[in-house]
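These notes are about the structure you will find just below.
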Ligand SMILES: CC(C)(COP(=O)(O)OP(=O)(O)OC[C@H]1O[C@@H](n2cnc3c(N)ncnc32)[C@H](O)[C@@H]1OP(=O)(O)O)[C@@H](O)C(=O)NCCC(=O)NCCS
């Protein structure tokens, strides 16, 4: 599995960012100004995407979100947007603005809405991107952030705070709740012999820091087991509770495991999917996994008393 690395851009990255922007026909002249930060996504050494943030007090300009054409359709743009919004929120930003000529629908899905240019705060409107670099026909959009990075309510009454979503390491105490989640999920095949608390706890013990759970508030909403034999990685039992699907939790869990394997220096990873599990196959393909037709899985049971 190819690992993606997200990192703040260093000075040495800026020339490459300018070149990619120019190749994509996006403004690049002012890249490197002091109040900007960029986040890069690299696959190996190759720069495959990036996004910039310009700070103006509690307002910010999201700019130069770009993914190289060969990596379109993998959700990388969404991940970069998610990261830059989290960065903005962590820096105390309350309103994020942007200009776009081609990606209004993408940003709508990320929670932005059109806003008239005259409603954009002065310092953002005075930025080079607004003043000179983007065509006047570009659509201006805004997203309001709550202190924790979620979209804030527009009305006078504050909306109830959404439960906090957190991906964290899978702890031994999570095993019982994870087993209950897996039992409730179609597509997860559990074996009485090894999908019990002791074998799972032993697995976690042998593979520290590689397995993850996702909590929504106090609820365990997702889990994935990940291990390595030192050479290859293996993912098992990725599941998200039905009520929390299609919100990026499955992707976040898979990414957390992939990044943890990368830290161990493990490049390639395998997993098993039931051929009939069309949803999971679509999910994994969306994340860049390839289905194998050149190998056949073989298994052996030391004891014939258990079902395969
Ligand atoms: C597979 C599963 C983990 C996905 O979790 P999820 O949180 O809903 O997935 P995400 O929201 O992170 O989706 C990530 C991407 O996959 C796509 N995707 C997710 N489910 C999909 C589906 N059923 N069909 C097509 N695409 C799907 C999403 O559209 C998204 O793409 P995008 O970000 O580019 O828009 C979840 O459906 C599940 O728990 N299924 C039951 C257990 C299972 O079968 N696990 C797999 C064992 S191998």
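Observations on the structure shown:
- The criterion of being in the same structural domain as residue 279 (by TED's automatic domain parsing), buried (at least 20 other Cβ atoms within 10 Å of the Cβ), more than 8 Å from the ligand (Cβ to nearest atom) and over 17 Å from residue 289 (Cβ atoms) holds for residue 223.
- Of note, residue 261 satisfies the criterion of being more than 12 Å from the ligand (Cβ to nearest atom), surrounded by 11 or more Cβ atoms within 10 Å (Cβ to Cβ), at pLDDT 95 or above and more than 22 Å from residue 73 (Cα to Cα).
- Qualifying residue in region 203-217 (condition: touching a residue at least 12 places away in the same chain (Cβ under 8 Å), closer than 29 Å to residue 76 by Cβ and near the ligand (Cβ under 9 Å from one of its atoms)): yes
- Any hit, region 164-185, residues being at pLDDT below 85 and in contact with a strand residue (DSSP E or B) (Cβ under 9 Å, 6 or more places away or on another chain): yes
- The residues of region 222-246 that are in a loop (DSSP other than H, G, I, E, B) and touching a residue at least 60 places away in the same chain (Cβ under 8 Å) amount to a single one, 241.
- Residue in region 264-282 that is surrounded by the most Cβ atoms within 10 Å (Cβ to Cβ), counting only those that are assigned to a helix (DSSP H, G or I) and without any contact (Cβ under 8 Å) to a residue 12 or more places away in the chain: 281
Rundown of residues vs (1) outside the structural domain of residue 234 (by TED's automatic domain parsing); (2) surrounded by 17 or more Cβ atoms within 10 Å (Cβ to Cβ); (3) under 17 Å from residue 138 (Cβ atoms), yes/no style:
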position	(1), (2), (3)
44	yes, no, no
53	yes, yes, no
90	yes, no, no
98	yes, yes, yes
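- Filtered residue count, region 67-87, keeping only those that are surrounded by fewer than 21 Cβ atoms within 10 Å (Cβ to Cβ) and outside any helix (DSSP H, G or I): 5
- Considering region 283-301, the residues that are within 21 Å of residue 214 (Cα to Cα) and free of Cβ contacts under 8 Å to residues at least 40 places away in the same chain include one that is farthest from the ligand (Cβ to nearest atom), namely 284.
- Flag for residue 111 being outside the structural domain of residue 66 (by TED's automatic domain parsing) and either in contact with a strand residue (DSSP E or B) (Cβ under 7 Å, 6 or more places away or on another chain) or at pLDDT below 65 (or both): no
- Any chance residue 213 is touching a strand residue (DSSP E or B) at 6+ places or on another chain (Cβ under 9 Å) and surrounded by 14 or more Cβ atoms within 10 Å (Cβ to Cβ): yes
- Per-region count, region 20-44, residues part of a loop (DSSP other than H, G, I, E, B) and either at pLDDT 90 or above or under 19 Å from the mean Cα position of the chain (by Cα) (or both): 2
- Count - residues of region 119-137 that are surrounded by fewer than 19 Cβ atoms within 10 Å (Cβ to Cβ), within 12 Å of residue 29 (Cα to Cα) and within 31 Å of the chain's Cα centre (by Cα): 2
The values are calculated or read from the model by the stated rules, or taken from the named source; none is laboratory data. Worth saying up front: this structure is predicted, and the values here are computed from it rather than measured. Cβ: placed from backbone, ideal geometry, glycine included. Neighbour counts: every protein chain shown.
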